[in-house]
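Notes follow the structure.
The values are calculated or read from the model by the stated rules, or taken from the named source; none is laboratory data. If you're wondering where the values come from, they're calculated on a predicted model, not measured in any experiment. Here the Cβ is made from the backbone with ideal geometry for all residues, glycine too, and neighbour counts use every protein chain on show.
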Amino acid sequence: MSALGEEEDREEADGLRKIIHVDMDAFFASVEQRDNPDLRGKPVAVGGSGGRGVVAAASYEARKFGVRSAMPSVTAKRLCPDLIFVRHRFDAYKEASRQIREIFRHYTPHVEPLSLDEAYLDVTDDIRGIGSATRIAELIRQRIREETNLTASAGVSYNKFLAKLASDQNKPDGLCVIKPGEGAKFVQSLPVRRFHGVGPKGAEKMARLGIETGADLAARDAAFLREHFGSFADYLFRAARGIDLRPVRANRIRKSVGGERTFSDDISSGPALRETMGNIIDIVWDSIEKTQSRGRTITLKMKYSDFRNVTRARSLPHFVADKAEFSRISHALLDELLPLPLPIRLMGLTLSNLEGQERDTPPRDDAQLSLL
């Protein structure tokens, strides 16, 4: 039997977990609409409205026009002429996120945040004696609404992959449950683009191979997938069958914290590059503070207009002390590359060599209780 087949048998033999994935609805934009009544019911985008601005988040009213996160602001404005741009307020988003995580931890200590606005929860142990993961998800959504005036969607299932798919199924303000025995059928009805990790280019490649749905993917054997998708094949094989053995890791050790921006128009001038650098520093340092990360290595990444990548890194004998030091070193790395031989289409910063990175977080026992 193949290793993949053994994993499938193992998941069936083991007791099943009870996993909830909670995803806030249009989080940044919803916080802005909550705090400013004039924005309610209107198309709102969080981000810069200038020529090089990018949409960080869009309200559902804006999404009806095709506005999406990471879209150039000029494109978003063209799609939705009445779009209202607001500058980000990370302190407000962090405070709302803190309130939401306190609600999560009332029901389980096993919380794995993915970002400010989403997290996995393992509620197998049912520490409040509620009796149902579905009921716990309902209570969490209710409390989020009452205590933050925001809405959340949730997915409930027996593994992380399925729970995340489910949370997106009935957005916004929805709940979806995938029960034991239903996972494979649910997954096979979906377009492969819904699978986490399958981007537009990956979906195009699959379409050329005649793979457009989970059922199409499940019909291909492991050898075929390895031939065409390399190391990604094992994940695709399991995903097409609704299999995911990853535990929820409340104390997952990060390897790095970073962020990057792709520009609608290539940039090359020193002032534009430094302004962009400042924006990325703000975003990345916010993530550093949010995750309470401390690291020694700062890496600058840029992609030229011809798609070649260039990186520069600097490692310190001590942890980066504060935002000022992070900013100073980041700008110094940029200065080393100026003047640029070509304009760039992407810039990013990463903090790595993090404190505690060498530690290995012990996995939780796979054997859990059986029913949702």
Restricted to segment 209-244 and to residues being on the phi > 0 side of the Ramachandran plot and not in a helix (DSSP H, G or I), the residue surrounded by the fewest Cβ atoms within 10 Å (Cβ to Cβ) is G210
Matching residues in segment 11-40 (at pLDDT below 95 and more than 17 Å from D91 (Cα to Cα)) number 7
Item to check | Verdict on A133 being in contact (Cβ under 8 Å) with a residue 40 or more places away in the chain and under 16 Å from the mean Cα position of the chain (by Cα) | outcome: no
Residue hits (segment 245-261; closer than 30 Å to R296 by Cα, of a type in the set (A, V, I, L, M) and either crowded, with 16+ Cβ neighbours inside 10 Å or touching a strand residue (DSSP E or B) at 6+ places or on another chain (Cβ under 6 Å) (or both)) are V248, A250, V257
The residue that is modelled with the highest pLDDT, considering only those in segment 205-243 that are among the acidic types (D, E) and out of contact with any strand residue (DSSP E or B) (no Cβ under 9 Å at 6 or more places or on another chain), is D216
Expected single match for among the hydroxyl-bearing types (S, T, Y), surrounded by fewer than 19 Cβ atoms within 10 Å (Cβ to Cβ) and within 17 Å of the chain's Cα centre (by Cα) among S49, S153, S115 is S115
Here the residues within segment 282-333 that are over 15 Å from V257 (Cα atoms), part of a helix (DSSP H, G or I) and in contact with a Phe, Trp or Tyr (Cβ under 9 Å, 6 or more places away or on another chain) are none
Within segment 197-230, restricting to residues that are under 21 Å from the mean Cα position of the chain (by Cα) and not β-branched (V, I, T), the one that is nearest to V156 (Cα to Cα) is G197
